[in-house]
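Heads up, the thing below is written out as structure tokens.
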Amino acid sequence: MPESIVKIPPTIIVRDLAAKLSLPITTVTAELIKNGIMAALNEEIDFDTAVIIAEDLGKKVELQSAEEAAAPAQTVDQYLKEKAGTKLVARPPVVVVMGHVDHGKTSLLDAIRQTAVTAGEAGGITQRIGAYQITDRGRQVSFVDTPGHEAFAQMRARGAKIADVAILVVAADDGVKPQTLEALDIIHHAGIPYIVALTKTDKDEAQPERVKKELAEHKVLIEEFGGQTPVVLASAKTKAGLPELLESVLLLADVHPEAMMVNPNRPAVGTIIESHVDPQQGPLASVLIHAGTLHLGDDVLVGQVWGKVRSMKTDRGQPIAAATPSTPVQILGLKAAPQIGDILRVAPDEVRELKKKVRGHQIVHHLQTVVGRRPTVISKKGEKKETDKKPRVEKLHVILKTDTLGSAEAITESLKKFVHPEVGVEIVQRGLGIITETEVLRAEVAKAAIYGFNVPISPKADQLARSKGLTIRSFKVIYDLLDDVQAQLETMLQPVAEEKEIGRLKILAVFRHENTFQVVGGKVTTGHMRASAGVDVIRQGQTLTRSKITQLQQNKQNTETVTVGNEAGLKVEGDPIIQVGDELVAFVSEVRQRRLDERVAAV
């Protein structure tokens, strides 16, 4: 009998791999060590590594489908347990809308909400999960619109897990398609009741009876054929069937009312249903609240992403101060974009501890030498002078290895925030799992920095990196990684020389004139004079020339400084133009590294 094939996700914990292969953990770890991989039983390895290990042990593995791998490590249910005697109230039902691409899901919701959602989507296809809330018959209903394109199967699967009722949208002019069947599998796997909405019934090509028969062939038992699944004929264009559709939603939601009883007074728990980084605002996330109430100012935790809720908006863009159960809301305030499907919790104590850890982490700034660079000068008057008219744009090339795809997306989106006219980040390679010699060799060729997030480094890779003088940067907190990237970018910026006024002197006598210097005397009126300081010669408020003090004396003795109120003798280089009554303004230049938020020498 042929060996069965084991399905595993893109990354897997060593202990879980051993369990899936039905082998002792010691056997798997020993095989990893033979391959030069020192991974502990709770550490993750990538799929390619797992394939090699499995084959060496006589096993065959396959990559899991997106749906099989989509389940989050944590479940919402584990955070929703309430103490005995807690007073519960009914929340609005949550409805997920699913179906094949271009079968009219978003248009149907658009008709229900009476807003133009589809018009704002790329190519008319929903690219991200969106959530919307309406009121019907005095009751609120929350809708989750999942993407229809096959590339978003994982998002669709997660969408179904947060819903009470599903609407399966099938176009009456097109019938059952592969993604229709895929949506059905997700609905059945989630175990939620559903309604079939036959859309585009206003079209001449619509054949609802034929589509009903197709559904029956795929074991969809509709009410008309003696089953329990309602079918509603609807049209987003004419709005026909929409009242019946909403009525069916509420009837199905009322079948198991106990499933929607929650505590609105506890700390909020919700699911991330959309996440991205806005160029102007930063990380934005849409969250559907399951229980509790989310308030402005709450400290929230989403996996390793934390933040404080600084603003909340409804699906219509209206600001609100509190989001109650089943309310979809967009929040601003997370430190990075979380992964879709992750759980959001109000957890002030955990956030406080994480903040302490982040603040206590010492970021090592590897400053590059400034020798040979042509600094941009900032004058003491705040004027900027560019010594290079077109500063060279430098890229920090990055090889990124992470534990999950979600981590990779969150880090990638956060790196896009580092926008500067002189420097930027370019990811030359991105992957999952352990850092190997392959990444080191690629980094050497591409002159790239290797960044690892929650992944181990193989001993061979570490040894090879050391031999080549490369540093592998490994992090377990996203913010530490981002801080390090920022530090690296700042070392790539052209340094600046800032001029600071240190004192003024009134010329009382001119002792000697030469072609290249003058010897003068005067009294320090403010600050101090310093040997080797630069000086501007001022006459009647106008700057005549810029010179330098090459020798400084007090009481005919050479000195480094002469303070205010004292007389000094000075040897000043440059054209012999200084006269009695002129003023010398002394300044010094200090070269310093710039920050990313400065735009000195910008193109």
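All of the numbers you see were taken from the coordinates with simple rules; none came from a lab. The structure presented is a predicted model; accordingly, all values stated were derived computationally and were not measured. Ideal geometry is used to build each Cβ from the backbone, glycine not excepted, and the neighbour counts take in all protein chains shown.
Near the amide H of THR327, within less than 5 Å, lie the amide hydrogens of ILE289, all on another chain or at least 5 residues away, with H placed in the peptide plane.
The modelled label-to-label distance for the pair PHE225/ARG592, using points 7 Å beyond Cα in the direction of Cβ, is 7.6 nm. For the range 582-592, putting each phi into the Karplus relation 6.51 cos²θ - 1.76 cosθ + 1.60 with θ = phi - 60° gives couplings of 5, 10, 9, 10, 8, 8, 10, 10, 10, 7, 9 Hz, in residue order, rounded to whole numbers and with x for Gly and Pro.
Residues whose amide H lies under 5 Å from that of VAL96, counting only those 5 or more places away or on a different chain, are VAL144, ASP164, VAL165, ALA166, ILE167; hydrogens are built 1.01 Å from N in the peptide plane. Here ASP48 and HIS397 are evaluated by their C-beta separation; at R0 = 22 Å the FRET efficiency comes out at 0.45. 3J(HN,Hα) along the range 5-20: 9, 9, 9, 9, x, x, 10, 8, 6, 3, 4, 5, 4, 4, 5, 5 Hz, from the Karplus curve 6.51 cos²θ - 1.76 cosθ + 1.60 with θ = phi - 60°, whole Hz, x for Gly and Pro.
Between SER532 and THR563, what length comes free when the chain is fully extended (0.36 nm per residue of separation minus the Cα-Cα distance, one decimal in nm)?
Result for the pair: 9.7 nm of gain on full extension.
Across the range 312-328, rounded Karplus estimates of 3J(HN,Hα) from the backbone phi angles (6.51 cos²θ - 1.76 cosθ + 1.60, θ = phi - 60°) give 9, 9, 7, 5, 9, x, 8, x, 9, 9, 8, 10, 8, x, 6, 8, x Hz, Gly and Pro being marked x.
Of ASP174, ASP145, ASP597, the sequence from fewest to most neighbouring Cβ atoms within 10 angstrom is ASP597, ASP174, ASP145. Here TYR132, TYR451 are placed in order of increasing Cβ neighbour count within 10 Å, fewest first, which gives TYR132, TYR451.
What number, in nm² with one decimal, is the all-direction average of the projected area of the convex hull of the alpha-carbon atoms of the range 498-538?
That works out to 3.5 nm².
Extension gain for GLU573-GLU247 works out to 108.2 nm (0.36 nm per residue, less the C-alpha to C-alpha distance). Database remark: amide H of LEU432 closer than 5 angstrom to the amide H of THR402 (H placed geometrically; neighbours at sequence offset of 5 or more, or on other chains; Pro and chain starts carry no H).
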